[in-house]
1. Can you tell me which residue among 12, 16 is crowded, with 17+ Cβ neighbours inside 10 Å, under 21 Å from residue 192 (Cβ atoms) and in contact (Cβ under 8 Å) with a residue 60 or more places away in the chain?
2. Only residues that are surrounded by 11 or more Cβ atoms within 10 Å (Cβ to Cβ) and closer than 19 Å to residue 224 by Cβ: list them for the stretch 255-271, please.
3. Consider residue 78 carefully, then state whether it is crowded, with 20+ Cβ neighbours inside 10 Å, free of Cβ contacts under 8 Å to residues at least 60 places away in the same chain and under 18 Å from residue 4 (Cα atoms).
4. Among the numbered criteria (1) assigned to a strand (DSSP E or B); (2) farther than 29 Å from residue 33 by Cα; (3) touching a helix residue (DSSP H, G or I) at 6+ places or on another chain (Cβ under 7 Å), which single criterion is violated by residue 217?
5. Step by step: first the residues of the stretch 198-226, then only those that are buried (at least 17 other Cβ atoms within 10 Å of the Cβ) and within 13 Å of residue 311 (Cα to Cα), then the one that is modelled with the lowest pLDDT. Which residue is that?
6. Quick check on the stretch 113-126: of everything there that is out of contact with any helix residue (DSSP H, G or I) (no Cβ under 9 Å at 6 or more places or on another chain) and surrounded by fewer than 19 Cβ atoms within 10 Å (Cβ to Cβ), which residue is nearest to residue 67 (Cα to Cα)?
7. Take the stretch 175-187 and flag every residue that is in contact (Cβ under 8 Å) with a residue 60 or more places away in the chain and either under 9 Å from residue 10 (Cβ atoms) or surrounded by fewer than 19 Cβ atoms within 10 Å (Cβ to Cβ) (or both).
């Protein structure tokens, strides 16, 4: 069994493909996980390879119940709201997210499993997706608990996306039925979003005397190759309590300075920060000069999962 597998990632696209055999699923708004099961031994790994088994005890318990088979499950850890929709902020709250430290808080999150990478001594990554899905479904059949099958939906993707958006969901994911499991954004998996949501580095904030937290907006950056690039600010979506906690985190960063850590030509009053905190931002689109359009703050990502920071060179 591999110690770790780089996850396959969905390539953003604006329209469903016109050709090919695709399977469609709801896009879950949570944390990507790989669950390694070897009998009673279970490891729950983040997308960046950190062991978060202790943070997802319900998922780990459900994984042990799948033994004595050995397998690697690929899926998304989520917490659902009252309408049954995955809610990233509820997941963050359940984890006691600190932004820079793992902490000890355990989450009751469920895992929606959507792929099977390894099964009883066999590496399944070279097997086509439709077969992996069938074997995953059989592996989970008859098991209750915190690991659930992410159901495939057989419908026109345009109609499915419209329905998902009307229900307030994040979007849909399509996967080529005949594709192997390939790490990275290869185009075998695609995502169509109702509203885009990605992770960006916090590089500064604008001070404010009109809010208790003392800041009016965050300044954000994404990667282009190995460099950070300014992509605009976000000043909405903050709940007062979360904003106060965020300000305390920013005040504890190792250094603040007058010079920006990214190329920046505006004359606004900004407190520049060491690029350490990572924020999940919801937005509608990109402007022509590569700035976020209508951004809204959703919460902090974990420092250990910083591989998720948005990359302009690979996405736009």
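The values are calculated or read from the model by the stated rules, or taken from the named source; none is laboratory data. Quick caveat, the model's predicted, so the values are computed rather than measured. Cβ atoms come from the backbone with ideal geometry, glycine included; neighbour counts cover every protein chain shown.
1. Selected residue: 16, the only one of 12, 16 that is crowded, with 17+ Cβ neighbours inside 10 Å, under 21 Å from residue 192 (Cβ atoms) and in contact (Cβ under 8 Å) with a residue 60 or more places away in the chain.
2. 260, 261, 262, 264
3. No; evaluated as a whole, the condition is false for this residue.
4. The single condition residue 217 does not satisfy is (3).
5. Within the stretch 198-226, the match that is modelled with the lowest pLDDT is 198.
6. So, considering only residues that are out of contact with any helix residue (DSSP H, G or I) (no Cβ under 9 Å at 6 or more places or on another chain) and surrounded by fewer than 19 Cβ atoms within 10 Å (Cβ to Cβ), the one nearest to residue 67 (Cα to Cα) is 120.
7. 175, 177, 178, 182, 183, 184, 185, 186, 187
Residues are listed down the side, and each one gets a yes or a no for (1) within 23 Å of residue 16 (Cβ to Cβ); (2) without any contact (Cβ under 8 Å) to a residue 60 or more places away in the chain; (3) surrounded by 14 or more Cβ atoms within 10 Å (Cβ to Cβ); (4) over 22 Å from the mean Cα position of the chain (by Cα):
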residue	(1), (2), (3), (4)
128	yes, yes, yes, yes
133	yes, no, yes, no
137	no, yes, yes, yes
154	yes, no, no, yes
161	yes, no, yes, no
